[in-house]
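Working notes, beginning with the structure itself.
The values are calculated or read from the model by the stated rules, or taken from the named source; none is laboratory data. The model shown is predicted, which means the values in this text are computed figures rather than measured ones. All Cβ positions, glycine included, derive from the backbone under ideal geometry; neighbour counts span all protein chains shown. For the accessible areas, the whole protein counts, side chains as well, though only heavy atoms, and no ligand, DNA or RNA atoms are used. Shrake-Rupley method; radii C 1.70, N 1.55, O 1.52, S 1.80 Å.
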Amino acid sequence: MPDQPPYPPPPEDVLEIGAPEQFAALAHPLRQRLLFALGHRPATIRQLAAQLDTKKGNVAHHLKVLREAGLVHITETRQVRGGTEQHYQRTARHMVVAEPQAAGTAAMLAAFAQELDRSPGETHLTLRHLRLSPTKARELGETLAKLVDEAEENAEDQPLHGVLVALYQQALPAGTTGSA
């Protein structure tokens, strides 16, 4: 829509996720959809409810949880028809899990699995184990991060896609020391 004013980007480029309340907030699929919906511009509860086809009370509750976890903030408040309208925005463009914790990671992956299951389009999910030197693993991680960061987005009328990237070193079985 050419008449709309440009929206300022989120105040932070990258937010490191690490607090228990952040993991808890990210564990619900609707909260993840809200974060996706707020990826490009602020929106009101009414706008988000219409976009996500859910009730305003449901959206308000989940936005409160996201706000208390520091994942969204209010960018504008104004009076409309006797009420107060608030515009919400993500606090960061990218959210990175700094040090994954088992319970938080499991909850986030469960929400991700629900999103994947709801996807109306073709999905791509791959798990592969590679033997990599520490240098090669770091290079692969940097390449994956760059690929996601530099992915060019299409116009807003195009479908929204979620991207989850993980690179981890597989733990050795208990009692094992060194490589095979």
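Before moving on, here are some points about what is shown:
- Antiparallel %, DSSP beta bridges [both residues in the chain], to 5: 65
- With helices as the sole contributors, the chain gives -12000 deg cm²/dmol at 222 nm; each DSSP H run of n ≥ 4 counts as -39500 (n - 2.57), and the sum is divided by every residue.
- A simple charge model with +1 on the Cβ of Lys and Arg, -1 on the Cβ of Asp and Glu and nothing else charged puts the dipole of the chain at about 520 debye relative to its Cα centre.
- Overall size of the chain from C-alpha positions, given as principal axis extents largest first: 70, 33, 31 Å.
- Radius 11 Å from Cβ of residue 11, net charge of other residues (Lys, Arg +1; Asp, Glu -1): 0
- Cut-off under 5 Å, modelled amide H: who pairs with residue 93 long-range: 12, 13, 14
- Accessible surface area normalised per residue over the chain is 73 Å², counting heavy atoms of protein chains with a 1.4 Å rolling probe.
- Rounded percent of accessible protein surface that carbon and sulfur make up, the chain, 1.4 Å probe: 52
- Within a Gaussian network of the chain (alpha carbon springs, distance under 10 Å), most fluctuating of 157, 53, 13: 157
- Within a straight-line Cα-Cα reach of under 29 Å, residue 55 can be paired with the following lysines, leaving aside sequence neighbours fewer than 8 residues apart in one chain: 64.
- When all alpha carbon pairs of region 74-180 are counted in 10 Å bins from zero, the resulting P(r) reads 9, 28, 33, 18, 8, 3, 1 %.
- Of the DSSP H helices in the chain, those with a Cα length along their own long axis of 15 Å or more and a mean Kyte-Doolittle hydropathy reaching 0.0 comprise 102-118.
- Residues 128, 90, sorted by accessible area with the largest first, give 128, 90 [1.4 Å probe; ligands and nucleic acids excluded].
- Rg to Rh, two decimals, where region 42-105 supplies the alpha carbon set and Rh follows Kirkwood: 1.06
- Reachable lysines from residue 136, criterion Cα separation under 27 angstrom, eight or more residues apart if same chain: 146
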